[in-house]
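To start, the structure itself, in structure tokens.
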Amino acid sequence: MSWASSAVIIAGKDLRLEMRTRDVIASVGLFVLLVVVTASFAFPTSGEGREGVAAGVLWMAFLFAALLGMGRSMAIEKEDGCLEGLMLSPAARESIFLGKLLANLGFTWAVEVVILPVFVVLLQLAPGSGLVLLALCALLGTLGLVTVGTLFAAMAVHTRGREAILPLLVMPVSVPVMIAAVKTSEAALTGAWSSGATSWLLLMVGYDALFLLVALATFPHVMEE
Amino acid sequence: MSVETEATGHVDDTQDDVQVAPPSGRRRLFGILTLVLTPILLVMAMLYAPEDLAQGPAQRIFYIHVPSAWIGFLAFFVVFVSSIAFLATGKRKYDDTAAASAEVGVIFTTGVMITGPLWGRPVWGVYWTWDPRLTSFLMLWLIYLSYIVLRGYVPDPARRARFSAVLGIVGFFDVPIVYLSVRWWRSEHPLQLVFQRGGLPAEMLVTLLVGVATFTFMYLYLLSLRTRTGRLRERSDEEVAQ
């Protein structure tokens, strides 16, 4: 069995589990909706320059969604010795990482797809032609967050703090992605694909590629027993 | 392999299968050099170096601020290299070095975060500005603070070593990207130049170099001391557990 098919099987397991319990989508989806609603009260989301605020709110919500989802997906593995089972399986450590990464990407993208239209309506935005850029930005930005997040979630699950530790690890390291994603989303929400947006997309591609490699190289050490 | 000769030292390094830290003789030398150089640096920074025309006496903090920043970077680079060495070899001494270097690096960069605003207030008129250099330094500091917090939250020593090595590697790779992204982020607001370089008077340069030497020896001394303290604490934990 190739490493790719092992990864797909592991991701499929997580997604099937989610389809049956709907744990993550329900709780994280509602949480993200609440973040967006609360932020609408906390920030000026109407008038001039509201696209900038909206882009920031959107990515704070996405970051929380990713953090919650990744923490949950690793916590499930910790229960009933599932992690040991995974490690005893013939799947390579890299395949386990890719499988968890794919599953986390699936959850987070699903939450984003659900929340984005609600967000656009609630904040009275009109992205129009910027929607393609926004989608591209969500794909690349989320990939970056989830890549470092999946690596760190596998570490955080073994710490005393668990839920508290994951954000502490992910947030400082993911600042470049957050800046790039917020800037690109702002451009997208104002409906303009500027040359600046292209540079930010490239920065995200670079970040994603670099940390995918670093995570693949270091994850086997995280999973060592 | 060195022998601990202090009367109070209950530990004989020769009994170790792994060397506890750099030889205590060298550590003492680093300590003495730091002790001698620190007052010299202070006198040079206060009296020898000429006063900056534009910035006045506030500029003198430069002789502490800049060496702390440089040696802070060095400390985090040592964390990075030791982390790779640990994952490659599994030898505990590399983890000890990484942990000690991160702690000392955080102390130095905290010094930078304190002395910077003290200088910024009289010269820029503000304690803080979201300048790329300042912002990426803040992120660097936060990353290594999280490194230290992570170490405190993993009870199992083998796991702690592996996890923190991973963060030591990821964090170091992140720094250049943070710098790049913050520069682009701020690019629409051109800011004044932080340092107008070129033509630093000889007295200032000499004082700066003495500062760098002082902080290098201080780093080596603290690194050696922290490595040894960490090692001794681990051993006492093991003995308690037995």
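The values are calculated or read from the model by the stated rules, or taken from the named source; none is laboratory data. Bear in mind the structure is a predicted one, so any value in this text is a computation, not a measurement. Using ideal geometry, Cβ is built from the backbone for each residue, glycine included, and neighbour counts are taken over all protein chains shown. The area values use the complete protein model at the heavy-atom level, side chains included, leaving out ligands, DNA and RNA. Shrake-Rupley method; radii C 1.70, N 1.55, O 1.52, S 1.80 Å.
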Can you report the number of residues in the stretch B:65-91 which are in contact with a Phe, Trp or Tyr (Cβ under 8 Å, 6 or more places away or on another chain) and either touching a residue at least 24 places away in the same chain (Cβ under 8 Å) or within 13 Å of residue B:210 (Cα to Cα) (or both)? 16
Go through the stretch B:131-148 and report how many residues are of a type outside the set (Phe, Trp, Tyr), closer than 17 Å to residue B:165 by Cα and open to solvent by less than 20 Å² (accessible area, probe 1.4 Å). 3
Would you call residue A:126 of a type in the set (A, V, I, L, M), assigned to a loop (DSSP other than H, G, I, E, B) and closer than 21 Å to residue A:5 by Cα? no
Which number in (1) within 23 Å of residue A:139 (Cβ to Cβ); (2) surrounded by 15 or more Cβ atoms within 10 Å (Cβ to Cβ) marks the one condition that residue A:19 misses? (2)
Qualifying positions in the stretch A:214-225 - touching a residue at least 24 places away in the same chain (Cβ under 8 Å) and more than 7 Å from chain B (Cβ to nearest Cβ): A:215, A:216, A:219, A:220, A:223, A:225
Within the stretch A:201-225, how many residues are surrounded by 16 or more Cβ atoms within 10 Å (Cβ to Cβ) and modelled with pLDDT under 90? 1
Taking the stretch B:126-164 and keeping only residues that are at the interface with chain A (Cβ under 7 Å from one of its Cβ atoms) and touching a residue at least 40 places away in the same chain (Cβ under 8 Å), one is left with B:139, B:162
Scan the stretch A:168-200 for residues that are under 30 Å from residue B:154 (Cα atoms), out of contact with any Asp or Glu (no Cβ under 9 Å at 6 or more places or on another chain) and open to solvent by less than 10 Å² (accessible area, probe 1.4 Å) and report the count. 2
For the stretch B:165-184 the number of residues that are more than 18 Å from residue B:84 (Cβ to Cβ), crowded, with 21+ Cβ neighbours inside 10 Å and either more than 7 Å from chain A (Cβ to nearest Cβ) or touching a residue at least 40 places away in the same chain (Cβ under 8 Å) (or both) is 2
Picking from B:212, B:182, B:178, B:194, which residue would you name as being at pLDDT below 95, in a helix (DSSP H, G or I) and under 30 Å from residue B:51 (Cα atoms)? B:212
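Residues are listed down the side, and each one gets a yes or a no for (1) at pLDDT 85 or above; (2) small (Gly, Ala, Ser):
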{"position": "A:44", "(1), (2)": "no, no"}
{"position": "A:47", "(1), (2)": "no, yes"}
{"position": "A:54", "(1), (2)": "yes, yes"}
{"position": "A:79", "(1), (2)": "no, no"}
Residue B:111: within 30 Å of residue B:55 (Cβ to Cβ) and either among the β-branched types (Val, Ile, Thr) or touching a residue at least 24 places away in the same chain (Cβ under 8 Å) (or both), yes or no? yes
Quick one: in the stretch B:81-91, of everything that is surrounded by fewer than 20 Cβ atoms within 10 Å (Cβ to Cβ) and closer than 16 Å to residue B:223 by Cβ, which residue is nearest to the chain's Cα centre (by Cα)? B:81
In the stretch A:197-213, the residues that are touching a residue at least 12 places away in the same chain (Cβ under 8 Å) and facing chain B (nearest Cβ under 8 Å): A:200, A:203, A:207, A:211
So residue A:160 passes all but one of these: (1) assigned to a helix (DSSP H, G or I); (2) surrounded by fewer than 23 Cβ atoms within 10 Å (Cβ to Cβ); (3) at the interface with chain B (Cβ under 9 Å from one of its Cβ atoms). Which condition number does it fail? (1)
In the set A:166, A:139, A:134, A:102, which member is within 13 Å of another protein chain (Cβ to nearest Cβ) and in a helix (DSSP H, G or I)? A:166
Selection within the stretch A:42-52 - in a helix (DSSP H, G or I) and surrounded by fewer than 20 Cβ atoms within 10 Å (Cβ to Cβ): A:42, A:50, A:52
